[in-house]
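One structure below.
The values are calculated or read from the model by the stated rules, or taken from the named source; none is laboratory data. These numbers were taken from a predicted model, which means no experiment stands behind them. Backbone-built Cβ (ideal geometry, glycine too); neighbour counts: all protein chains shown.
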Amino acid sequence: MASSDLHKRRTGAVARGVSSVINSYVDRASGGTLTDVDGNEWIDFASGIAVTSVGNSAPRVVAAVREQVERFTHTCFMVAPYELYVSVCETLNALTPGEVEKRSMLVSSGAEAVENAVKIARHATGRTAVVVFDHAYHGRTNLTMALTAKNMPYKHRFGPFAGEVYRVPMSYPLRDGGLSGADAAARALELVASQIGATNVAAVLVEPIQGEGGFVVPAPGFLPALSAWARDAGAVFIADEIQTGFCRTGDWFASSHEGVVPDLMTLAKGIAGGLPLGAVTGRADIMDAVHPGGLGGTYGGNPLACAAALASIETMRELDLVTSARRIDLTLGGRLRDLAAADPRIAEVRGRGAMQAIEITQPGTLTPDPVTTGAVSAECHRRGLLTLTCGTYGNVLRFLPPLVIDDSTLERGLDVLAASLDAVGAP
C-alpha cells in the first residue's frame, strides 16, 4: 500500500518527535472529506486543527494564491512592503470586536502571534508579569510553552522556560462544583492580587474557549470579569482566538458571545484557508507603543498567505459561515447530547458552533478515562472518521468539522462516532 511505503520513508527521514494522528497519507481533500494515497476516504472532523474552515481548496483562495504566486512570492514586508499586508491589517482592524482605533501586525503562526502580543503588552505597560490559566494552550516555543499548562507532550524536558508567567485557576464548569463565572474570576484574581500584585501585571492572557485544554467553555461572566479587572488594573487583556476565531464558534470571534472587547487578540489557524499566517490585532495606543523595528519577522505576512487570507475572509462572508457554524451546532450538538443521554461515560457535551467536544469519564464519576477516549478515537479512525483528542487528562474528544461541510457528510460522521462508541464497549 502507498501509505505503508510512505510511512517507511517517513521513519527514515522525519524526526521521531513529529507525530501524526493517523498513518494514512493524504492525496487530496475537499469540503468535509480527505482521500489518502490508497483511495480511502476520511470524513474530516479535524479541519487541520480548525484551519480549513472554508475547505481545503476553496475556489477564491486557490485563485488568489495562483494570481499572487505569478506576481511575486516574497520581498519581506520589512524590506520592501506591499499592499496585501496593509489590506489584511485593515480587514482585521475592521472585523475584530470594538469600535476603537486599531492596528495589526502579521506573523507566520499562532505561537508567534502570542509571543508578540506578550512583547507588546510588556512594552506598553512597562510591566513583566503575565497571568495565564490552568488547562491553557498557547504554543510550542519557549515562551509559549511557559504559557501552556500541559506537560506531556508539549513541555516535557524542554525547560527551563521563560519567567514571569503565573498560572491561576480557569472556570471549568464541569469540575467547579457549580461555581459561577463571576466567582471563578474572583477566585483567580484573588491569587493575582496576593501572589503577583495588580501593579506588576502586564497582561491577562486567556482563550475564550480553551482548545487543547479540552474545549472548556468558561461559565458566563468569567471573561467579562477578567476584562474589567485588567482595565482597572492597567493590564492588557489578551484574547487568544487562534482556534476560536473566524466564524468557528458561530460568531466571527468567540469573545463576542459575551460582548467582550479585548485589548489585543491573537489570530491564526482559520485566517488564511490553510496557508501559514498569524496576527496580533488590538488597540492602536497599545500596538503603537513599540518602537519602529521592534516588531517583525522575515516571513510575517507573506504575500501568498495575505492573498489567501483576504480570499478566505471574502469566502466566509459570501457563504455566511457564521450561520453555517450555527447550523452545524444544531446537528452536532444535538446528536452529541443524544449520545450523552444514553451513555454514562460521557460526562459533558460542550462547545459552541462547529467547536464541540465530549468529556469521557468513568461512569457516574468525574474520574477521567483517557483509555476509553483513545480507543473511541482509534475506532473512529478505523471506520473512516478523523477525530482528535485533547484535554489536560487526555479524556476529551473534540470535533472541528470544516464550516463548509454538508449536512449529509456531517450526519455520516456522527453515525460513525455513535458506532465507535458502541464498538468500544457498552456502558
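Descriptive notes on the structure:
- Only one of ALA185, ALA254, ALA202, ALA225 that is crowded, with 19+ Cβ neighbours inside 10 Å, within 20 Å of the chain's Cα centre (by Cα) and in contact (Cβ under 8 Å) with a residue 40 or more places away in the chain: ALA254
- Test for LEU417: is it in contact with a Ser or Thr (Cβ under 9 Å, 6 or more places away or on another chain) and outside any loop (DSSP other than H, G, I, E, B): yes
- Selection within segment 357-367 - surrounded by fewer than 24 Cβ atoms within 10 Å (Cβ to Cβ), within 16 Å of VAL396 (Cβ to Cβ) and touching a residue at least 60 places away in the same chain (Cβ under 8 Å): LEU366
- Which numbered condition GLY353 fails, given (1) of a type in the set (Gly, Ala, Ser); (2) in contact (Cβ under 8 Å) with a residue 12 or more places away in the chain; (3) surrounded by fewer than 20 Cβ atoms within 10 Å (Cβ to Cβ); (4) within 27 Å of THR409 (Cα to Cα): (3)
- Restricting segment 9-56 to residues that are in a helix (DSSP H, G or I) and free of Cβ contacts under 8 Å to residues at least 40 places away in the same chain, the residue that is nearest to PHE246 (Cα to Cα): ARG10
- Matching residues in segment 80-104 - criterion: being in contact with a Ser or Thr (Cβ under 9 Å, 6 or more places away or on another chain) and farther than 19 Å from ASP240 by Cα: PRO81, TYR82, GLU90
- Among (1) within 30 Å of PHE399 (Cβ to Cβ); (2) modelled with pLDDT under 95 - the single one LYS8 does not satisfy: (1)
- For segment 101-111, the count of residues that are farther than 16 Å from LEU267 by Cβ, modelled with pLDDT of 95 or more and not in a loop (DSSP other than H, G, I, E, B) is zero.
- Residue identified as within 17 Å of the chain's Cα centre (by Cα), assigned to a loop (DSSP other than H, G, I, E, B) and modelled with pLDDT of 95 or more among GLY294, GLY274, GLY300, GLY270: GLY274
- Filtering segment 115-135 for residues that are in the same structural domain as ALA233 (by TED's automatic domain parsing), under 23 Å from ARG317 (Cβ atoms), in a helix (DSSP H, G or I) and not polar (S, T, N, Q) leaves an empty set.
- Scan segment 139-160 for residues that are without any contact (Cβ under 8 Å) to a residue 40 or more places away in the chain and assigned to a helix (DSSP H, G or I) and the total you get is 5.
- In segment 49-78, the qualifying residues are those that are among the β-branched types (Val, Ile, Thr) and more than 22 Å from ALA29 (Cα to Cα), and the one that is nearest to the chain's Cα centre (by Cα) is THR73.
- Restricting attention to segment 353-376, the residues that are out of contact with any helix residue (DSSP H, G or I) (no Cβ under 8 Å at 6 or more places or on another chain) and not in a loop (DSSP other than H, G, I, E, B) total 7.
- Within segment 383-408, the set of residues being touching a residue at least 12 places away in the same chain (Cβ under 8 Å) and not in a loop (DSSP other than H, G, I, E, B) comprises LEU385, LEU386, LEU388, THR389, CYS390, VAL396, LEU397, ARG398, PHE399, ASP407.
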